[in-house]
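The values are calculated or read from the model by the stated rules, or taken from the named source; none is laboratory data. Keep in mind that what you see is a predicted model, and the values were worked out from it rather than measured. Note that we place each Cβ from the backbone using ideal geometry, even for glycine, and neighbour counts take in every protein chain shown.
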Amino acid sequence: MRSWLVAAAVGLLLAGCSTEPEEPSSAPTPSESPTEAASAEPSETATTEPSANPEDRLPKVHHPVSLPALMRERPDGGRPRITATELETDAYARHQVVYRSGDLTVSGVLLRPRGPGPFPGIVLNHGYIDPSYYVTGQGMAREQDALARAGFVVLHTDYRGHAASDDVPDLDRETRLGYTRDAINAVEALGKLPYVDDDRLAMLGRSMGGGVTMNALVAQPGLVDAAVIYASVSSSYLENVDHFTRPNRPEAVQALHDRFGTPREAPRFYRELSSRTYFDRVTEPVLAHHGEVDGTCPPRWAARTQQLMRRSGVDSRLVWYPGEDHAFYARWQQSMDSTLDFLREQFRSNR
């Protein structure tokens, strides 16, 4: 059920990657077993005190650029508008579309299965691809085709600043909050299509898009019925900055520090950009896939995220793939079969 709609009625809402690696890194081994239930580190989940005011039950906003601020934004995605039809197959039609994300126009691709529907819907959040050469719908071509053939209406968002989307300053993309808004609003837009069943909605993110997906889950609980993440980045914002941005785009790190302060100067600011801080807000089941020899997103990140999700009460499952790197080649079909089984089971249980 899209429980955020009910929450809105009572005032609770007042206010990645393609098969190309994100950025190169060495391949570490997992530091934690996926079966471990706890670690020596304290929980990183933020909690809130009970209050008579529904908005007070949300984490306090200390900075307008933060996940707590995003939690107070009502989803505002306009119905997708077709701008071109790219192709038609025996199973689906693939269209270029635009939709509204707040005050911005965001582009993407929409795949509609043959038939009247209503069909389940899924939003795809791609991983990092340099916006200077990204083209609409790039990334996750295998997932787009497989999901559409399985009877899902697929909306693959380009994100702001990509392809035909409205442009934004480089620094505004670095926090990933804008991408998260675009993913949230893509779900809202998808649910407005007459041939989509808005009680059967899901989200799937790869690499950086896995991080975007986790952000969306903590920002808008109940927005979707289930989520899947592939080869995800860390649920810690600073781990991603140190691993990807600092060695490859040091000027972007300096710009972050100039605008928001260093992690030493403003630790709370960076903590409030990390989805793991708010895992206690996640209400949807989560399936994660990760290769044991992923050289781009270290397996230890997936293990740690799984531990923290389970500790916070999230119905989450992490599946390891021996011999698989970031791109998921040999066992990708197995992972997709597992994904489809997972989504169909969640949709059945919600009826």
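Here are a few things to note about the model shown:
- None of THR305, THR296 is in contact with an Asp or Glu (Cβ under 8 Å, 6 or more places away or on another chain), at pLDDT 95 or above and buried (at least 22 other Cβ atoms within 10 Å of the Cβ) except THR296.
- Filtered residues of the range 224-281 (kept if of a type in the set (D, E, K, R) and within 30 Å of SER338 (Cβ to Cβ)): ASP225, GLU239, ARG276, ASP280, ARG281
- Candidate set: the range 90-132, residues that are among the aliphatic types (A, V, I, L, M) and in contact with a His (Cβ under 6 Å, 6 or more places away or on another chain); chosen: the one surrounded by the fewest Cβ atoms within 10 Å (Cβ to Cβ): VAL109
- Of residues in the range 91-112 being among the charged types (D, E, K, R) and more than 19 Å from the chain's Cα centre (by Cα), the one farthest from HIS156 (Cα to Cα): ASP103
- Helices (runs of 4 or more DSSP H) fully within the range 180-267 counting 3 or more residues that are under 10 Å from the mean Cα position of the chain (by Cα) and either farther than 17 Å from VAL314 by Cα or at pLDDT 95 or above (or both): 208-219
- From GLY139, GLY127, GLY121, residue being under 17 Å from ILE82 (Cα atoms), under 18 Å from the mean Cα position of the chain (by Cα) and not β-branched (Val, Ile, Thr): GLY121
- Listed conditions (1) of a type in the set (S, T, N, Q); (2) surrounded by fewer than 18 Cβ atoms within 10 Å (Cβ to Cβ); (3) closer than 23 Å to ASP199 by Cβ are all met by GLN144, apart from (2).
- Residues that are part of a helix (DSSP H, G or I) and of a type outside the set (A, V, I, L, M) occur in the range 281-297; there is at least one.
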